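Let me begin by presenting the structure, written as structure tokens, before commenting on it.
Where a number appears in this text, it was derived from the coordinates with a stated rule and is not lab data. None of the values given here were measured: they were computed from a predicted structure. Positions of Cβ are generated from backbone atoms using ideal geometry, with glycine treated the same way; all protein chains shown enter the neighbour counts.
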Amino acid sequence: MKIRTLTDRGAILSGVIAFFTALNTEAALISWGVPTPIVGDTDVSLNGTLVYAVNFQGPSTSLNSVLFEAGPALFTSLNTGSASPPFTDLSAAYQDLLRNAISSTDSLPAALDGLIVGVQYELQLWAHDSGEGWGAYLWQEDYPLDNYPNAEVYVPGQNQGGLGSYVIGTFTADSEIQPFNIGIEGTWVLNATQLRRLDTTDIPEAGTTVAGLLLMIGTGGVWYRRRMAGR
């Protein structure tokens, strides 16, 4: 998987266009499951086929046979690890995944891009903070909580045992772009993510589809990209 940031003007422009297209796209509903306390390496889902996995502010690390690529350090980085148990009881690879996080006090628009219409996806996100215990709130503009109880979820950054949580959401793409939002009020953190395909539908030939995650910071952006492999 190749991860890069938007650095040249053309790339920035294409990313911003994709982002504003996402804002005007009627998104499919992401149905979030119940946040699950972090326990160990097998927290990492192996359902379906990996599209990409990103360790937002940490090094590349392999966990439960999934390679999380290092993300660019363009966000505010928060040290979310600890020198004491239960954090140090985790494997070294899991500690690398949770030791740092992207963090903000503002709501952050995000979009998954390069999706295949009609394909079911699984999105997994981690929130852990050994210090303040900040978590993350995930939501969508088009799906108010009163009518869609699974459309919004709060992912605790600390549970009773002192570790944070992960959450899994599923959706069937009705567009190449799937927008959602991170945070509403107050500080939030996210450590890592992975996107997986859940069905066996044939995908385009190698090199013809690029999937990515676009996170907007002000007027710029961060663009995680992966050129799809063969079937």
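Two decimals is fine: what is log10 I(q)/I(0) at q = 0.22 Å⁻¹ for segment 82-213, from a Debye sum with one equal scatterer on every Cα and no solvent? Evaluating at q = 0.22 Å⁻¹ gives log10 I(q)/I(0) of -1.29. Packing order of peptides 127-136, 62-71, highest average first: 127-136, 62-71 (average count of other Cβ atoms within 10 Å over each peptide's residues). Here the calculated FRET efficiency for A70 and Q160, from their Cβ-Cβ distance with R0 = 25 Å, stands at 0.20, rounded to the nearest 0.05. Remark: segment 89-96, residue by residue, has Karplus-estimated 3J(HN,Hα) of 7, 6, 5, 4, 5, 5, 4, 4 Hz, where x stands for each Gly or Pro and the curve is 6.51 cos²θ - 1.76 cosθ + 1.60 at θ = phi - 60°. Shown for V39, V153: other C-beta atoms within 10 Å of each C-beta, ranked fewest to most, produce the order V39, V153. Of the peptides 28-35, 43-50, 177-184, the order by per-residue mean of other Cβ atoms within 10 Å, starting with the highest, comes out as 177-184, 28-35, 43-50. When the alpha carbon gyration tensor of segment 32-111 is reduced to an equivalent ellipsoid, its three semi-axes come out at 19, 18, 14 angstrom, largest first.
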